[in-house]
Amino acid sequence: MEEKKENDMNFIINLKNEIELDIQKLVYRLDTNGLIKFILVMFENELFNQEYEKNQANLFYKEDISEELSYVLYLKLNHFNKKLNLLKIENIDYIKFVKKNNEILNQLLELLKARSIIREMDIYITKQGYTLSIVNNVISVEHPIKNFQHYYQMGYLRNTLENITIGFNVYDEKEIKFENMSESFNEHLFKLTKIIDYEIKYHRSVKEAIIFRINPQGLAKLHRILTDEHDMRYNQIMSKYLDNIGMNINDKCTKKGNLKWIDLVFFSIVLQYLVTYMNKIIDEKSTSERMKINSKVHLMSNSYKGDFFYTILHDINSEITQKDVQAFLSKFSTNIEKVSGRIDLQFMPIVKAKEFSFILFNTFSMVDLARAYIKNFDIALDDQGKKFENVVLKVLSKHFDNIHSSIKYKDNDNKEGEIDICIIGDKNIYFIECKNNLHPISASTASTNYKNFLKSTEQVEQSENYFNMDRKGFLKKHLKIEIDNIEEYVVHKVVIMSNRNISGLNYKGISFRDIYSLDKLLDDGVLKEYTRVPGESKKLEKKIYMYKNRTDFNEIDFLNYLSEKSIYFEVLNGLAKKIYNEAKYKQYILRESMYAFDLIEPRN
């Protein structure tokens, strides 16, 4: 096994090195200013726009290609030793550059796709226990644990469904009514015309563009107009980052600053209004493709940039200071004159050089702003996981009375252990381990979660073994109770996670589940499955009951949830369809699989 792993690693590393060498050769052939503008336009015109995200597969691909284009920028800047001038980059004839270098750019994009896939394969094999499969020159990876890969990928899909607000209703209905974004936008279009002015400049020249003049004070007022976009982004931040540690969206993001999590919601909505209006004007008023492209990338002086963002953020929250805004801008900026390490433009969409900055407004408006803030400021929300344990305990307490937490022990080998939560049921005992994992956006960020998977497996097995050594003694010592027939009780090992990846997996008698599905089970046990009929905008709704008697929760429903025949996960599995992302390199086809939902035909 170890020999195969070493062979797999060597093969992948050698192939990755070949791909990267080919990428470098192409990158070094391209003009620096032209390549930088190409990358900026790719972000603003291709990756981060509403049309691109309508294709479910693109939701996965966007993260990967964003990282790869940032890698290209890093390569070029490290090789380039002349001074950069953003005004020169702005004035590059993008159309001419693309036509002149069309073949090179197409080759580069295909190589970047191949690098993205093989880079993830490298991480999967070296850090997550996957093995390499090569059949008829098709390269893929597979995990030796049955269904591990399936539920790992299903987790990504469930996260995506939340982002596009389609799927199961996980959240309580809000008391406030949110308007539809498109209806709200049309209603407030007049306000935007007073806030944002524009003119066409340099018509029929290589510099032709629609130039926008934005009143940031007027723009900031739009955060008071609540839409369903607020609702979606509120839910994203709460469910992904705050609910699981008992934090409030009105809490400050950091102890030292004044910016609050709710401010990020409002700020992202302001940006959404801005780009929706600007893109509408660009689409309607552009007289050429060159004008359209030139109008997408916005240049600001650094002095005005500070005032612009301060005006918006201070209007959202009057406690926000200039110092807060400078810290925010610093963490969200990529200084292309001082590149010393990895670049990630999707999380740092302000591109700075000397006294000017490109503001990637489309990217800024569509990125997960809370995730970017946590990453850029290196925030640890729940270092020890204790806050998450309390959240799980609160959810379980809705229907379980005989519940205990934080049981510390030493086993017969003098090895310390802890049972996060223990539930005594009807001839069942549940040992529950809580893991507040990251929400992975790539194979790299998922590696820590895989370590937690292995660790939690050992922890619950250790707890079961300790309990079985002396069941009555365990109850008396740790729970202060006695159960005469405790030897007849069935032990259920459970891991509850804060993210959805691998949730649904049953491995070594351990049920791996997530807090969202658990909360849904114990809240009302009703899933709402949505489908759409071709040619119709109306959604069809079908209720699916997780309770055996449809109305009341009983322990048998919890046992079903933990089983391999869980109603919740059978419904999800029935909705999902497997799709493939492929890239060709030399004689090989690099293939990765993912899941999408078929939301066209109604299901019987």
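Only the coordinates and a few stated rules stand behind these numbers; no lab work does. Model, not experiment: these values are computed from the prediction. Using ideal geometry, Cβ is built from the backbone for each residue, glycine included, and neighbour counts are taken over all protein chains shown.
The table that follows gives values for the structure above.
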read-out: Ranked packing of 69-75, 127-133, most packed first, by mean Cβ within 10 Å; value: 69-75, 127-133
read-out: Cβ-based exposure ranking for K577, K435, in which fewest neighbours within 10 Å come first; value: K577, K435
read-out: Residue-span extension gain [E482 to H203] - 0.36 nm each, minus C-alpha spacing; value: 91.8 nm
read-out: Ascending count of other beta-carbon atoms within 10 Å, so fewest first, for R500, R591; value: R591, R500
read-out: DSSP-defined beta bridges in segment 382-565 - what % are antiparallel, rounded to 5; value: 60
read-out: Under 14 Å, Cβ to Cβ, from K285 - net charge with Lys/Arg +1 and Asp/Glu -1; value: -1
read-out: Inter-label distance, nm, simple model (7 Å from Cα along the C-beta direction), N137/D401; value: 6.9
read-out: Lys/Arg +1, Asp/Glu -1 at C-beta; segment 382-565 dipole; positive extreme among I483, N414, I544; value: I544
read-out: Neighbourhood net charge (13 Å Cβ-Cβ; Lys/Arg +1, Asp/Glu -1) for I403; value: -2
read-out: Where labels lie 7 Å past Cα in the beta-carbon direction, separation of N428 and D413 in nm; value: 2.9
read-out: Potential extension, N465-E110 segment - 0.36 nm per residue separation minus Cα distance; value: 122.6 nm
read-out: Of K398/K476; K37/K285; K338/K586; K252/K548; K410/K565, pairs whose Cα-Cα distance is over 31 Å; value: K338/K586; K252/K548; K410/K565
read-out: Listed residues A327, W261, S286: farthest to the positive end of the dipole of segment 244-331 (Cβ charges); value: A327
read-out: Estimated FRET transfer efficiency when R0 is 56 angstrom, pair N102-K455 (beta carbons, to 0.05); value: 0.65
read-out: Projected area, mean over directions - segment 334-394, Cα convex hull, nm²; value: 5.8
read-out: Over 31 Å between alpha carbons, listed pairs K76/K305; K76/K194; K25/K296; K296/K354; K207/K305; value: K76/K194
read-out: Cβ-based charge dipole, segment 1-45, positive-most Cα from I13, I39, Q24; value: I39
read-out: FRET E, pair S330, E570, Förster distance 51 Å, beta-carbon r, rounded to 0.05; value: 0.60
read-out: Point-charge dipole on Cβ atoms (K/R +1, D/E -1) for segment 382-565, about Cα centre, debye to 20; value: 580
read-out: Calculated FRET efficiency for the pair N7/L84, C-beta based, R₀ 51 Å, to 0.05; value: 0.70
